[in-house]
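So the structure is just underneath, and the comments pick up after that.
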């Protein structure tokens with residue numbers, strides 16, 4: 001059994017079926033990149049993985065636990081699954097330190113005060129932003145805010161991290177710093193599932209690419225193979241349109 | 001023109017008592033009104049249509065009828081239902097209900113002003129629903145509604161003058177009393193207006209100070 | 001003592017015309033003054049701005065009831081003649097209206113102001129033309145929901161005129177209550193009539209606001 005088991009997932013918004021039977025397996029340490037056009041269902045699928053969206057059929061298991069089961073403690077599960085959003089979603093009324101230490105201190109992983117600050121400095125150093133520990137989100141650039149968002153996730157010690165088009169809202173010159181952090185995380189062995197338009201990242205860092213089109217998985221495989229020899233016409237079109 | 005303010009000095013204590021009662025009325029109405037408003041705002045999303053309708057009706061009736069009539073209804077009509085309230089209590093109830101209706105709307109807009117994405121972020125970090133409310137929603141929502149809430153409290157302070165019409169001994173009633181003793185009508189009301197003005201100004205300064213202390217994080221300008 | 005009859009209800013409806021009179025006077029006189037105040041508050045002339053600001057602060061810092069009494073007793077004192085209650089009440093409501101509408105309209109003007117003034121100037125319009133044709137229509141549209149809202153406040157506030165003896169709707173209620181010893185019926189009727197007048201206006205204000213947000 002894989003670490004993340006997505007089996008035959010179907011999801012509709014009202015009458016529109018957005019996911020039409022999606023099956024993906026993710027092993028520990030894998031870097032899975034989901035690519036595809038807007039509307040292919042990529043972000044919806046990602047939001048289903050940590051239970052932000054309900055599913056109509058199929059199942060999603062993380063480490064054996066069913067995500068959408070009533071018996072599952074979703075809140076507890078979410079302590080182990082981090083998600084980074086396109087719009088950062090930092091808490092504007094808190095400093096960077098408080099943003100990072102809020103959840104760990106409330107869920108009792110860490111004591112308030114010295115220990116919490118040390119944790120914050122730790123994760124901030126992993127994203128290269130220790131000096132901003134007392135700043136407010138509004139005082140940071142987009143790229144810095146996104147890196148803080150990543151640090152905020154890391155502070156919870158997740159086993160899995162989800163990235164929902166995390167560079168799409170950034171000015172081009174700020175994208176690189178965020179991608180670098182993500183590459184570092186990958187190298188350190190984090191299990192990551194990303195939805196992204198950054199094709200170079202997909203090519204160079206991902207261990208598996210999943211190409212989605214119109215709610216279905218059309219192809220999946222190793223990046224080198226997929227990009228060199230796309231099997232379906234949709235993927236061929238997609239690759240050429242993103243060059 | 002024959003103005004004489006000197007006679008009013010004799011009634012300092014009465015004025016002071018009137019000020020105290022006014023402030024007390026305002027305080028009671030503000031606290032009770034905000035509790036009612038919070039309850040109303042949270043219950044506005046109830047799944048029971050009857051609850052939603054009840055809150056909606058309460059808010060609309062209060063907002064579309066004069067406060068004076070509301071005070072009369074509480075004071076003159078409740079005794080027929082067996083509950084005879086003295087003037088101060090009756091006025092407190094009426095003003096609290098009045099404040100409650102307006103704060104339901106204020107709190108609702110406050111809760112709605114927090115983007116869903118903030119709540120999602122909190123939930124995805126493993127926070128409970130209460131923790132999300134307490135740490136993610138509360139302060140930013142309060143900051144957003146602060147100007148409206150402050151204005152509303154000042155309106156209640158000024159509106160407490162209506163309690164004089166059921167003989168509650170707040171400041172405006174004191175004015176009528178002193179007027180009846182001195183016949184210096186214009187002087188009395190001029191002084192009372194000035195006192196209200198000073199109270200309002202002081203409140204505004206206090207509110208501004210609190211805002212500076214409580215809401216320190218920078219926002220997009 | 002007699003019971004509450006239908007004729008009491010009719011008397012109240014009759015009294016509504018005085019409520020309406022007060023509202024119309026306040027709007028007719030206070031409206032233009034309010035516009036003047038809005039322009040004074042938006043002008044670059046510091047003196048005008050401050051004068052309007054002071055008037056606004058005073059009106060917002062004093063109970064309306066206080067203003068009523070101030071003019072009711074003050075006008076005879078300062079003008080030396082007896083003025084009918086209607087006149088002093090009208091003065092108080094006019095100033096009240098002018099101050100609040102002025103503030104509402106100032107908000108509307110400033111919401112439109114900057115970019116549109118520049119655009120108008122670049123088209124060769126004079127400042128007055130720019131204001132009359134470009135800024136004012138847009139400001140009016142933006143301020144309309146709040147203006148209707150204020151109208152509701154004004155209607156409710158006319159009930160205070162009862163305290164100086166004017167027989168508008170609230171006073172009619174008091175008289176009926178005293179004559180019939182049926183305060184619940186009397187005041188409930190009064191409340192219902194106010195509600196019937198104000199609620200549609202409140203709803204209109206809300207629908208205007210929705211339309212506004214869609215347009216923007």
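Counting Cβ atoms of other protein chains within 10 Å of each Cβ in B:70-80 and taking the mean gives 4.
Summing -39500 (n - 2.57) over the DSSP H runs of n ≥ 4 in chain A and dividing by its residue number, what mean residue ellipticity at 222 nm do you reach, to the nearest 500 deg cm²/dmol?
Numbers: 9 runs with 89 residues, N = 243.
The helix-only estimate for chain A comes to -10500 deg cm²/dmol at 222 nm.
Here each label is just a point 7 Å from Cα along the line to Cβ, and for residue B:45 and residue A:242 those points are 3.6 nm apart.
Exposure proxy ranking for B:174, C:21, based on other Cβ atoms within 10 angstrom of each Cβ and starting from the fewest, stands as C:21, B:174. Here A:173, B:187 are placed in order of increasing Cβ neighbour count within 10 Å, fewest first, which gives A:173, B:187.
Among B:62, B:74, B:119, the largest mean-square fluctuation in a Gaussian network model of chain B (Cα springs under 10 Å) belongs to B:119. Note on residue A:131 and residue C:201: their simple-model spin labels are 6.0 nm apart, each label 7 Å out from Cα toward Cβ.
A Förster distance of 30 Å, applied to the separation of the beta-carbon atoms of residue B:205 and residue C:44, puts the FRET efficiency at 0.60. Extending 7 Å from Cα along the Cβ direction at residue A:184 and again at residue A:27 yields two label points whose distance is 2.7 nm.
What shape does chain C take by its C-alpha gyration tensor, where a ≥ b ≥ c are the square roots of the eigenvalues and a/c under 1.5 counts as rounded, a/b above b/c as prolate, and the rest as oblate? Mind dumping the intermediate values first?
Numbers: a/c = 3.37, a/b = 1.70, b/c = 1.98.
Cα axes put chain C in the oblate bin.
For chain A, the longest principal axis of the alpha carbon atoms and the long axis of helix A:114-127 meet at an angle near 40°. How far is helix A:142-154 tilted, in degrees, relative to the longest principal axis of the Cα atoms in chain A, given as a value from 0 to 90 rounded to the nearest 10? Orientation of helix A:142-154: about 90 degrees from the principal axis. Taking a ≥ b ≥ c as the square roots of the eigenvalues of the Cα gyration tensor, an a/c ratio of 1.5 or more together with a/b no larger than b/c marks chain B as oblate. According to the calculation over all Cα-Cα pairs in the range B:109-149, the P(r) per 10 Å bin from zero is 32, 52, 15, 1 %.
In units of the rule-of-thumb radius 2.2 N^0.38 Å, the range B:90-221 shows an alpha carbon radius of gyration of 1.46. If R0 equals 35 Å, the separation of the Cβ atoms of residue C:113 and residue C:51 corresponds to a calculated FRET efficiency of about 0.95. From helices alone, chain B scores -23500 deg cm²/dmol at 222 nm; the rule is -39500 (n - 2.57) for each run of n ≥ 4 DSSP H residues, then divide by the residue total. Comparing B:26, B:128, B:182 in a Gaussian network model of chain B (Cα springs below 10 Å), the most mobile by mean-square fluctuation is B:128. Counting only other chain Cβ atoms within 10 Å of each residue's Cβ, the peptide B:196-204 averages 3.
Need one value for B:162-173: mean number of C-beta atoms belonging to other chains within 10 Å of its residues' C-beta atoms.
Neighbouring Cβ atoms belonging to other protein chains average 2 per residue here.
Ranked for footprinting exposure by Cβ neighbours inside 10 Å, fewest first, A:181, B:191 give B:191, A:181. Residue ranges C:148-156, B:76-84, A:24-32 sort as C:148-156, A:24-32, B:76-84 when ordered by packing (mean number of other C-beta atoms within 10 Å per residue, highest first).
In the calculated pair-distance distribution of the range A:92-145, the portion above 14 angstrom amounts to 48 percent of the Cα-Cα pairs. Where is the GNM fluctuation largest for chain C (alpha-carbon springs, 10 angstrom cutoff): C:78, C:93, C:70? Fluctuation is largest for C:78. The angle separating the long axis of helix B:12-43 from the principal Cα axis of greatest extent in chain B is about 20 degrees.
Seen from every direction in turn and averaged, the convex hull around the alpha carbons of the range B:109-178 projects onto 6.3 nm².
Note that the protein assembly as shown, at 20 °C in a medium of 1.002 mPa s, gets a Stokes-Einstein diffusion coefficient of 72 µm²/s from its Kirkwood radius over C-alpha pairs. Under the criterion of Cα pairs below 8 Å and six or more residues apart, the relative contact order for the range A:1-68 equals 42 percent.
No lab work stands behind these numbers, since they all come straight from the coordinates. These numbers were taken from a predicted model, which means no experiment stands behind them. Don't worry about glycine lacking a Cβ; one is built from the backbone with ideal geometry, like all the others, and counts go over all protein chains shown.
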